[in-house]
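Asks: The structure is given below, and queries will be raised subsequently.
The values are calculated or read from the model by the stated rules, or taken from the named source; none is laboratory data. This structure is a prediction, so every number in the text was calculated from the model and none was measured. Because the Cβ atoms are built from the backbone with ideal geometry, glycine has one as well, and the counts that use them run over all protein chains shown. Accessible surface areas use protein heavy atoms only, side chains included; no ligands, DNA or RNA. Shrake-Rupley method; radii C 1.70, N 1.55, O 1.52, S 1.80 Å.
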Amino acid sequence: MKKLRIALLTFIILINGVFAAGCWNYKEIDKLSIVAGVAVDKGIDYNFQVTAEVVDISTGRDSKITSKTITAEGKTMFDAARNMISLFGKRLYWGHAKVIILSKEIAGEGVTRVIDWYNRDSETRDSVHILVSREESAKEILEQGAPEDIKSFTLDEIIRNEVSLSKAPAIDILTFDIESKTKGISEIVPAVHLKKSDGEFIPELIGTAIIKNDKLAGFLNGEETKDLIFIRNKVKGGVLNEEIKANGKTSFYSLEIFKNKTKVTPAADGKNIEINLNIDTTVAIDEIYGIKNFSDEKELMKMEESAENTLRARIESLIKKMQLEYDADIFGFGEKLRENKVKAWNSVSNNWDETFKYLKVNVKTRMHIKNSALLSKTLKEGD
C-alpha cells in the first residue's frame, strides 16, 4: 500500500511538471505591440474611430523608446481593434494600456457601450483611467507632442499626482462601473485638454465631465471640481486662496490643505428630506500678500472665519448649479439616503432626480489653521 501511494505521488508530480512548465499563454514579444493608451472618436464610415498609442522599442546600438499612433474604424470597439492589425502588421497587446480618452461626441452618445469591451476582454484591465477630451477630438490628445513622449504614460502619472491639486477626479473603469450601477449618484469623469507650453501643446488634466444617464451632460471647471471633491470627501491636498478687505485695502493669502473630513448625514421626517453636510478642514498659511499681520490670534480667527465662509459659499453655489442646471446628483446624496434612511429612499427612489432638484442641503464648514509657516506676515523691504 505504501509503495502504491509513493508511485501515485510520483506520477502526479511528473504530470504537473509537464503541464505547469513554462507560461501557457506565452507570446513572442516581437510579434506584439504594446498599447499605452486609447482615444475613441466618432467614425466617418462606422460607429467608432479608435486610435491606439503604441510603444515603439527600437533595438540595436542606439535603442530608444518612442510612440506612434494607429487609427482604425469599426462597427464595435473590438472590431476597430482587430482592424488595426491589418494596418500595423502586428497584434496589439492591451494589458498595459493606462488611459482611454473619449471625445465629447462619443461620451454624449453613451459611455458604457465604449467600455463594455474593456470589461469583457481577457487582456484589458478595469484599472484603466477614463478621460473626456475637451478638444474637437480625442485622438489629438495622443497625437500632439514629441514622439519620445508617451502621452498615455504621462497622463497616467498626472492622474496619480493630481492628489496634490484636487482639481480633477481620478476615475478608472472599475469605479465608473460601480457608480453607474449604484442608485442615488451620477457618474463623473476627469476632463483633459491641450495646453500650449514652450511652443508645444501638452495634455493638461483639469475639470470634470458630468455624466447623467450614461451620457455627457456638461463640464465643471477646476475650482468647481475642487468643491465637488470636498463634498465627496476625496480631498487629499491642494490650495485654498482667500482675500480679506479692511480699511479699503485687500490682503491675499494661500492656505495649503493638510487634512479634510466631510460627513454627509441625511435627515428624513415623513416626506421632508434634508442633507446635512459638515466639512472639517485643517490648513496651513503658505503665502501672504498684503498689509495684514496674522501673528495675532484675533487676526487668525478672522482668517479662519473668512475661509469658512468662502468655502461654504462655493459649496452651496455648486450644489445649486447641479440642482438647477443638470438635475444630476454627482455628490452621492441619494446613495447616502439609501444607506441610512431606507424607508425615505424607497419613497423617492423612482423620482430621485426631481427630488434632488429641490433637496435642502445644510452646509457647515470648519477651518483649522495650523500655522506651520515660519512667517505669519508679509516681508517688507529691509526685513
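Asks: Across segment 153-164, in residue order, what do the Karplus-derived ³J(HN,Hα) couplings come to in whole Hz, using 6.51 cos²θ - 1.76 cosθ + 1.60 with θ = phi - 60° and x for Gly and Pro?
Replies: 5, 5, 4, 4, 5, 4, 4, 5, 8, 5, 4, 7
Asks: Per-residue accessible area for residue 210 at 1.4 Å probe radius, Å² rounded to 10?
Replies: It works out to around 0 Å².
Asks: Now a separate question. In whole Hz and in residue order, list the ³J(HN,Hα) couplings for segment 125-140 that follow from phi through the Karplus curve 6.51 cos²θ - 1.76 cosθ + 1.60, θ = phi - 60°; x for Gly and Pro.
Replies: Each residue of segment 125-140 in turn: 10, 7, 8, 5, 7, 9, 9, 10, 7, 8, 7, 5, 9, 8, 5, 5 Hz.
Asks: In addition: What does the charge count around residue 268 come to, taking other residues whose C-beta lies under 14 Å from its C-beta (Lys +1, Arg +1, Asp -1, Glu -1)?
Replies: +3
Asks: A follow-up question, please. What does the extension gain come out to for residue 146 and residue 180, with contour length at 0.36 nm per residue minus their alpha carbon separation?
Replies: Contour length minus Cα-Cα distance gives 8.6 nm.
Asks: Which ³J(HN,Hα) values, rounded to whole Hz and listed in residue order, are derived for segment 73-86 from phi using the Karplus coefficients 6.51, -1.76 and 1.60 in 6.51 cos²θ - 1.76 cosθ + 1.60 with θ = phi - 60°, glycine and proline given as x?
Replies: 10, x, 5, 10, 4, 5, 4, 5, 5, 5, 5, 5, 4, 5
Asks: Let me ask something else. Which stretch or stretches of segment 267-291 have amide N atoms under 19 Å from the point lying 7 Å from residue 358's Cα along the Cα→Cβ direction?
Replies: 267-276
Asks: If I model a spin label as a point 7 Å beyond the Cα along the Cα-Cβ vector, how far apart are those points for residue 370 and residue 284 in nm?
Replies: 0.8
Asks: Which order do the peptides 77-88, 43-54 come out in when sorted by mean C-beta neighbours inside 10 angstrom, highest first?
Replies: Ranking, from highest mean packing down: 43-54, 77-88.
Asks: If you don't mind, another one. Kindly give Rg over Rh for segment 116-177, based on alpha-carbon atoms, with the Kirkwood expression for the hydrodynamic radius.
Replies: 0.98
Asks: Would you tell me the accessible area of residue 178, worked out with a 1.4 angstrom probe on the heavy atoms of the protein chains, in Å² to the nearest 10?
Replies: Surface accessible to solvent at residue 178 totals approximately 100 Å².
Asks: Using a 1.4 Å probe, how large is the accessible area of residue 345, given in Å² and rounded to the nearest 10?
Replies: 10
Asks: Further question: Based only on Cα atoms, what Rg/Rh ratio does segment 225-356 have, Rh being taken as Kirkwood's radius?
Replies: Here Rg/Rh amounts to 1.08.
Asks: Tell me the label-point distance for the pair residue 122, residue 347, using the 7 Å Cα-to-Cβ offset, in nm and rounded to one decimal.
Replies: 5.2
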